[in-house]
1. Indicate, rounded to the nearest 5 percent, the antiparallel portion of the DSSP beta bridges found entirely in the chain.
2. So what are the three principal axis dimensions of region 1-119 from its Cα atoms, in whole Å, longest to shortest?
3. Most fluctuating residue of 234, 266, 304 in a GNM of the chain with Cα springs under 10 Å: which is it?
4. With a 10 Å Cβ neighbour count serving as the proxy for reagent exposure, in which order, fewest first, do 17, 210, 288 appear?
5. Output needed: percent of Cα pairs per 5 Å distance bin for region 1-60, bins running from 0 to the one holding the longest distance.
6. Once the convex hull of the alpha carbons of region 168-242 is built, what does its volume come to per residue, in cubic angstrom?
7. What are the radius of gyration and Dmax of region 195-284, computed over its Cα atoms and given in Å?
8. Would you calculate the separation in nanometres between label points at residue 329 and residue 163, each defined as 7 Å from the Cα along the Cα-to-beta-carbon direction?
Ligand SMILES: [Zn+2]
């Protein structure tokens, strides 16, 4: 069985990768992998925000449309589900993960099935419980500031550069029995965008810090002037370039193990296109389903498959895809990317109890629950979703609403079934 390496680049939007047509060269390594491997041009996140999207990716089922910071709920949901790491473990894989993102940590239950799981929390769940409570639920500005300052000084969480833990990864690989499944989630591309000097091509030390600081000082609201916005994008692009360097180095160092690589992001990032920055940041409640947040890069490399797939695929298909590549039966409720041919995929998000659902087709997109009126966009002529044409297609809109209704009902039923099954004691 082949070794497998999954690299998740946090918050990287598809249209900022050069292999996806971005006008800047941000991803030279991924570009090469894309040329020699398989690219999904319309890959869609399984949710907005790390926990929702990655739970979907690892279990083949949408995460519950629920409060992102209620970690207890996520841990319990994970207990009820079968995970990719668990399945691979059973098949004889050594499973390891290096994840400096608290939202994808053991605190949220992501360690299920991993024999080695480094999330840099040191098992301090209670401590994080308190911090999360103060920072997010109570909207505590002081707690937010202290948390960020501590993380900044200690280079933790969103401030963790990959070079800080790189050797931990190669050490684990060296002492691990093959075949292995290794998951690494990079935070370098998550806000704040702080690429080290060597990789700062478009931003300077000053402009990088100033633009990040500026966004935070306006509380992530849409109040940057165009010049500030552009500087922030420069810093973001540099951070993508820095993350690309990680992949380059990893491929070089793991050459002897000849792993299959899957490179993707969990969700995108907003830069004011629709009035918000970042991705569903809880304090300004910008959880939405526009392309900048749901359209993600996705490449499979070194698996003897090449090409560019245009049909939409959902990240929900990650686990079945990996099983298919290693020639094992699918044990998940979703479909492998390799068996796509999908006309459409779905993705949802929740904001203050309000459910939003998008149906993403190759050229069309329907969104409901996001605004007072439903939205329909022709992505071919209007890729930035500026012109809502819902009133021009009343029949199509009606059908889409019906599909969404069925989908939501199904998800609720599935959840009920999982809850009941988990209560059965044998
Ligand atoms: Zn994320």
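1. In the chain, approximately 50 percent of DSSP beta bridges are antiparallel ones.
2. Principal-axis extents of the Cα atoms in region 1-119, largest first: 43, 37, 23 Å.
3. 304
4. Lowest to highest Cβ neighbour count: 210, 288, 17.
5. All Cα pairs, binned at 5 Å, distribute as 4, 15, 22, 25, 18, 14, 3, 0 percent.
6. Hull volume over Cα atoms, normalised by residue count, gives 111 Å³.
7. Here Rg and the maximum Cα pair distance are 15.9, 50 Å.
8. My value for the distance between the label points is 4.9 nm.
Laboratory data are not the source of any read-out in this text; all were calculated from the coordinates shown. Just so we're clear, the structure is a prediction, and the values are computed from it rather than from any experiment. Note that we place each Cβ from the backbone using ideal geometry, even for glycine, and neighbour counts take in every protein chain shown.
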